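Engineer: Before we start, here is the structure in question, set down as structure tokens.
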Amino acid sequence: MSKLNEFAIVYVDDEALALKYFEKGFAEDFQIFTASNAADAWEIIQQHASRIGVVMSDQRMPRETGV
């Protein structure tokens, strides 16, 4: 396993195409988890906490912020 794949990235965005293209663009070099809302992202984080190195989130989503 390369140093790039040591930790996973969680990417949160309510736009399906943004999730699709982020994963398509970076999955070759990084392990990617995607979520379309904060609740799903928290589930991923809880399930894979020891493997997650970065969380990236859209700031403006329906009913919630990226913060």
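The values are calculated or read from the model by the stated rules, or taken from the named source; none is laboratory data. Just so you know, these numbers come straight off a predicted model, no measurement behind them. When we count neighbours, we look across all protein chains shown, and the Cβ atoms used for this are built from the backbone with ideal geometry, even at glycine. Just the protein is used for accessible areas: all its heavy atoms, side chains included, with ligands, DNA and RNA removed. Shrake-Rupley method; radii C 1.70, N 1.55, O 1.52, S 1.80 Å.
Engineer: State the number of residues belonging to region 1-18 that are farther than 16 Å from E64 by Cβ, open to solvent by less than 70 Å² (accessible area, probe 1.4 Å) and modelled with pLDDT of 95 or more.
Structural biologist: Going through region 1-18 one residue at a time, the tally reaches 2.
Engineer: Scan region 28-48 for residues that are surrounded by 12 or more Cβ atoms within 10 Å (Cβ to Cβ) and in a loop (DSSP other than H, G, I, E, B) and jot them down.
Structural biologist: Those that are surrounded by 12 or more Cβ atoms within 10 Å (Cβ to Cβ) and in a loop (DSSP other than H, G, I, E, B): F30, S36, N37, H48.
Engineer: Here's another thing I want to ask about it. Return the pairs, sorted by first residue and then second, in which the second residue is at pLDDT 70 or above and assigned to a strand (DSSP E or B), the first residue lies in region 54-67 and is polar (S, T, N, Q), the beta carbons are less than 6 Å apart, and the residues are 6+ apart or on different chains.
Structural biologist: Filtered contacts from region 54-67: S57/V12.
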